1. Please express the shape of the range 1-111 as an equivalent ellipsoid: the semi-axes are the square roots of 5 times the eigenvalues of the C-alpha gyration tensor, given largest first in whole angstrom.
2. Using a 1.4 Å probe over the heavy atoms of the protein chains, calculate the carbon and sulfur portion of the accessible area of the range 196-266 as a whole percent.
3. Just the number please: accessible area per residue for the chain, 1.4 Å probe, all protein chains included, in Å².
4. Cut-off 14 Å, label point 7 angstrom out along Cα-to-Cβ of LEU82: give me the residues of the range 1-33 whose amide nitrogen falls inside.
5. What number, rounded to the nearest 500 deg cm²/dmol, is the helix-based mean residue ellipticity at 222 nm of the chain, given -39500 (n - 2.57) per DSSP H run of at least four residues and division by all its residues?
6. Enter the Cα centre distance for the pair the range 244-298 and the range 162-204, rounded to the nearest angstrom.
7. Gaussian network model of the chain, Cα springs within a sub-10 Å range: biggest mean-square fluctuation belongs to which of ARG233, ARG272, ARG135?
8. Decide, for the range 106-264, between rounded, prolate and oblate: order the square roots of the alpha carbon gyration tensor eigenvalues as a ≥ b ≥ c, take rounded if a/c falls under 1.5, and otherwise choose prolate if a/b is larger than b/c, else oblate.
Amino acid sequence: MDIDQLRAFVAVARARRFTRAARQLGTSQPNLSRRLQQLEREVAARLVIRTPAGVVLTSAGERFLSYAESAIASVDAGRTALDELGGQPRGAVALGSQPTIGAYALPEALARFHAEQPGILLRLREGVAENIEERLASGELDLGLLNLPVRRLDLTAHKLWQEDYLLAVPAGHRLAKSDRPIALGEAATEPLVVVDGVASTAALVAACEERGARPRIVVEADNLEAVRRMVERGVGIALLPRIMAEAAVSDRMRTVEVARGGLRRQVALVHRGEAYLTGAARALRTTLIAVLARRKGTGRTGR
């Protein structure tokens, strides 16, 4: 057996679907299936079963999974030892990030990293938190930048900064003229632009319900960049993380501070543990902490 076969099995076991696992590993589904079949022949046991609801591990697969993960960890640790023996990190490092973090917090940090480590190839992958956690656990990603809390117990998190959310409103909106922080309840009657299933939407809905008002959701998008553009066009108002909201202020959009008790998020650097980090990953972690941990995210923004 080889390491690619083991990575294929672990990815399928974690993702529970071949299509998702193939996407995470950057390969085709037929190639992934072929690697897994080769592994099953090597160990002389059926490891997974495909069902309409997804992949199910056999008893042999359940027992073999921890050994496969340990083998991958050992290989990764060996790569780290070789990197350290050479004295200079080398190779590639894969970083996963939630979109609002990657687009607004990473450019400065990654520019510094490239200047300090020009010989390291950086692979940046964006996605939702759940997907990044799975890709970290499977070994596809070395490091991840995520909102806390981290759901998987097998991942280690280093808190970088915390920030509040601001109300983003069209430039001509009545709330844009506010000279004080406002409570979310004051937006209860406004048309809302949201992303389904995220904390900011839950906070807006709860504030409306506390005022006895039904939320007026006019657009439900699948990402905050789309939400921001809708606000700029006057479609409605939205809650955006400070790092994004401050960068997006323009002649079309303004931001308003939310009164005490508003929504906040904590951003962390996440990985599988010290033993799994290659020299390249350690170098990137050092740079990310040095640059991003300086962020406080609590200062007031101009209008």
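1. Here the semi-axes work out to 30, 20, 11 Å.
2. Whole-percent figure for carbon plus sulfur exposure: 43.
3. 48 Å²
4. Residues 3-4 fall inside that zone.
5. For the chain, the value works out to -14000 deg cm²/dmol.
6. Value for the Cα centre distance between the two parts: 21 Å.
7. Sorting by GNM fluctuation, first place goes to ARG233.
8. In terms of gyration-tensor shape, prolate.
The values are calculated or read from the model by the stated rules, or taken from the named source; none is laboratory data. All values derive from a computational prediction rather than experimental measurement. Glycine gets a Cβ as well: all are built from the backbone with ideal geometry, and neighbour counts include every protein chain shown. Note: areas computed on protein heavy atoms with side chains; ligands, DNA, RNA excluded. Shrake-Rupley method; radii C 1.70, N 1.55, O 1.52, S 1.80 Å.
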